[in-house]
Amino acid sequence: MDVGLMQMQGRLTDYMNSLFKEGILDSQYLELHELQDESNPGFVVEVVSLFLTDSEKLLDDLSRDLTQQNVDFKRAHAQAHKMKGSSCSIGAPRVKNACIVFQNFCQEKNIRGCLRCLQQMKQEFVLVKSKLEALFELEQQVVAAGGSLPKMQPINPSV
Amino acid sequence: MASPSTRIDDGRDVDSDNSGLMREKLSVLIVDDELLVRKVHEKLLSKLKLAKQVQTQTATNGKEALDLHLSGSSFDIILMDLQMPIMDGTEATKELRAMRVESMIVGVTSVDAGADKEAFMEAGLDKCLPKLLTADKIKSLVETLEKNK
């Protein structure tokens with residue numbers, strides 16, 4: 001087997017494992033991968049792209065909503081609920097957890113807490129976005145070199 | 001407004017060891033305002049091949065789900081989200097039951113336990129499960145469907 005390809009696959013596996021170890025992705029991401037097949041080889045990228053686009057819009061909406069004179073905490077709570085749901089769906093637990101904390105601040109009508117937490121949500125989102133883009137880049141390199149994507153098992157699977 | 005979409009899988013690639021026991025058809029309506037959720041559930045259903053022919057349709061809110069029924073469609077299972085614009089899952093479920101729809105209606109929501117969720121159950125759900133559904137949960141729903149035939 002091509003040594004270069006083997007090294008690429010090894011880098012991909014190591015990178016994937018690091019994402020699980022850091023808690024950036026969890027086993028739900030692997031569940032998504034299980035759904036991908038020859039009939040729809042871009043399924044995971046498609047679903048993740050939806051998450052990234054929707055979340056960017058949600059974060060923009062929240063930034064705007066929290067600067068209003070009379071903050072609609074119920075609406076902000078609902079927006080965070082959506083982002084919590086979609087981050088859970090793609091297996092991004094750190095984003096999900098940041099959304100939960102944000103929702104708690106919404107229930108308390110704590111604007112400062114919400115603003116602080118919104119920054120955290122943005123940071124976690126930017127982090128998972130960059131990590132996933134790097135992951136897809138590595139996967140593309142493996143496939144372009146004629147290799148197959150290794151089957152993944154998380155090192156520290158979340159229950 | 002997005003129109004409901006339909007997908008049919010004819011189950012040709014079934015495992016030969018259980019094809020004799022497999023139900024002929026399974027029709028599922030996925031009602032959720034989030035495209036991501038609709039896509040994942042649709043893909044999961046097509047991959048599981050729980051019947052020789054699996055037909056999935058999607059709707060983006062409760063009103064679309066009702067309109068499908070009013071136009072004559074019927075389904076074995078309806079996967080119903082709770083929080084949706086125009087018409088939410090609770091109202092849609094009440095309306096469907098008032099129309100004597102006999103489908104298994106399964107609430108699928110990430111809303112925590114509380115008054116909203118209770119009202120959702122009381123609207124006429126057969127079950128309420130957390131998002132996202134897993135392969136095991138979907139298989140279990142179809143098994144329940146078979147038992148209740």
Filtered residue count, region B:91-145, keeping only those that are touching a helix residue (DSSP H, G or I) at 6+ places or on another chain (Cβ under 8 Å), assigned to a helix (DSSP H, G or I) and free of Cβ contacts under 8 Å to residues at least 40 places away in the same chain: 7
Within region A:25-42, considering residues that are over 13 Å from the mean Cα position of the chain (by Cα) and either modelled with pLDDT of 95 or more or outside any helix (DSSP H, G or I) (or both), the one surrounded by the fewest Cβ atoms within 10 Å (Cβ to Cβ): A:GLU38
Residue count for region A:9-24, restricted to those that are closer than 12 Å to A:LEU135 by Cα and more than 20 Å from the chain's Cα centre (by Cα): 2
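In region A:90-113, which residue that is within 19 Å of B:LEU133 (Cβ to Cβ) and in contact with a helix residue (DSSP H, G or I) (Cβ under 6 Å, 6 or more places away or on another chain) is surrounded by the fewest Cβ atoms within 10 Å (Cβ to Cβ)?
A:LYS96
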From the options B:ASP76, B:ASP112, B:ASP81, residue that is at pLDDT below 95 and on the phi < 0 side of the Ramachandran plot: B:ASP112
Some residue of region A:28-39 being among the small types (Gly, Ala, Ser) and more than 10 Å from chain B (Cβ to nearest Cβ): no
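Matching residues to (1) away from chain B (no Cβ under 14 Å); (2) part of a helix (DSSP H, G or I); (3) at positive phi:
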position: A:ASP61; (1), (2), (3): yes, yes, no
position: A:GLN79; (1), (2), (3): no, yes, no
position: A:CYS88; (1), (2), (3): no, yes, no
position: A:ASN104; (1), (2), (3): no, yes, no
position: A:LEU118; (1), (2), (3): yes, yes, no
position: A:PHE125; (1), (2), (3): yes, yes, no
position: A:GLU137; (1), (2), (3): yes, yes, no
position: A:VAL142; (1), (2), (3): yes, yes, no
position: A:LYS151; (1), (2), (3): yes, no, no
Positions within region A:62-111 being aromatic (Phe, Trp, Tyr) and either in contact with a Lys or Arg (Cβ under 6 Å, 6 or more places away or on another chain) or at pLDDT below 95 (or both), in sequence order: A:PHE73
Conditions (1) under 13 Å from the mean Cα position of the chain (by Cα); (2) farther than 18 Å from A:GLU22 by Cβ; number of the one not met by A:SER148: (1)
Residues that are under 15 Å from B:LYS94 (Cα atoms), basic (Lys, Arg) and within 14 Å of another protein chain (Cβ to nearest Cβ), drawn from region B:105-149: B:LYS117
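The values are calculated or read from the model by the stated rules, or taken from the named source; none is laboratory data. Source: prediction; values computed, not measured. Note: ideal-geometry Cβ built from the backbone for every residue, glycine included; neighbour counts use all protein chains shown.
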